[in-house]
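Q: Got a structure for you, questions after.
Nothing in this text is a laboratory measurement; each read-out follows from the coordinates by a stated rule. On a predicted model such as this, the values are computed, not experimentally measured, just so you know. Positions of Cβ are backbone-derived with ideal geometry, glycine not excepted, and every protein chain shown enters the neighbour counts.
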Amino acid sequence: MRKWYCPHPDSGSEIINLALMSYCEARGIRLVRSRPYHKNDNPVVESRNFTLIRSYVGYRRYDTDAKFRVLKELLPLISQVHNYFISKVYDIDTPYNRVLRSLDVSEEKKQELRERKIGLSYLKLLQRIHYLQKNLDQAYKEKYNPVLKDDEDD
């Protein structure tokens, strides 16, 4: 699992509380917060979560290890599909193509991205995403609608 290095939660007390602050402080994690009364400080991430992530995983609360494992595999796949491939409505580029055109990115990094894209299959990514969405849905259903096991067989 990747290290949580700089969380940027909303400023509400339901998010930033003593438990979160203590957790971050004990692990040397820098906690950054939005400015009070400026709820649009982080509009790109908020919008992206609404339109992209929620379209794949819905609005359920995923709080078990089984769901975490599925999300851990699912979210990078969603990122790859949306960063390397695009369904063009307008004449826009993918983030991948914009990085390749950028003068601020080293040729070494660009080559690394080219090699990574060669190994990607849009169809395989979508198939895996759909499979993981079903797993996530199943994990949710098992938590809230557990199948009763027959104890008589034991």
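Q: For region 42-144, what value does the Rg/Rh ratio take when both radii are computed over Cα atoms and Rh is the Kirkwood radius, given to two decimals? Please report the intermediate quantities before stating the final value.
A: Values: Rg = 16.0 Å, Rh = 15.5 Å.
When Rh is taken as the Kirkwood radius, the ratio is 1.03.
Q: In addition: Please give the FRET efficiency for GLN127 paired with LEU103, using the beta carbon to beta carbon distance and R0 = 25 Å, rounded to the nearest 0.05.
A: FRET efficiency, GLN127 to LEU103: 0.10.
Q: Sticking with the crude label model, points 7 Å out along Cα→Cβ, report the distance from ASN17 to GLN111 in nm, one decimal please.
A: Placing both labels 7 Å beyond Cα along the Cβ direction yields 5.1 nm.
Q: Next question, about the same structure. Points 7 angstrom from Cα along the Cβ direction at ILE118 and ARG61: gap in nanometres?
A: 4.7 nm
Q: What pairs from LYS67/LYS117; LYS72/LYS110; LYS109/LYS134; LYS110/LYS141; LYS109/LYS143 go past 32 Å between their alpha carbons?
A: LYS109/LYS134; LYS110/LYS141; LYS109/LYS143
Q: Right, next: Using per-residue counts of other Cβ atoms within 10 Å, averaged over each peptide, order 106-112, 61-67, 72-78 from highest down.
A: Ranked by mean Cβ neighbours within 10 Å, highest first: 72-78, 61-67, 106-112.
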